[in-house]
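Below is one structure; the comments refer to it alone.
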Amino acid sequence: MNNTKTFWFVYILKCSDDTLYTGITIDLNRRLDEHNNSPKGAKYTRIRRPLELLYFEEYQDKSSASKRELEIKKLSRGKKLELIK
């Protein structure tokens, strides 16, 4: 029986064209590698490589992380940059 707790992360990436991408994952390192080096990266990020992790938040469950991801995606670029600082 595995008692390790899985955390969910909401993250913001900076793309090579200076746009911002927001997503969720349980493994930040793996997901950043996928975005930068693999076809498993989001379609949006595949043509905007390289990507840099600028920000993340940790959540106890996928539902909370998904809700926060949607909140962040609705923010203007300026508000996202304020959040990152």
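Quick notes on this one:
- Efficiency of FRET between GLU82 and THR4 - r from beta-carbon atoms, R0 41 angstrom, step 0.05: 0.75
- Rounded to the nearest Hz, the phi-derived 3J(HN,Hα) couplings of the range 22-35 under the Karplus curve 6.51 cos²θ - 1.76 cosθ + 1.60 (θ = phi - 60°) are 10, x, 10, 6, 9, 9, 4, 4, 4, 5, 4, 4, 4, 4, where x marks glycine and proline.
- When the range 8-84 is reduced to its Cα atoms, the Kirkwood hydrodynamic radius in Å: 12.5 Å
- Computed [θ] at 222 nm, deg cm²/dmol, the chain (DSSP H ≥ 4; -39,500 (n - 2.57); rounded to nearest 500): -11500 deg cm²/dmol
Bear in mind that the values in this text are calculations on the coordinates, not laboratory data. Predicted model, so just to flag it, every value in this text is computed and none were measured. Positions of Cβ are backbone-derived with ideal geometry, glycine not excepted, and every protein chain shown enters the neighbour counts.
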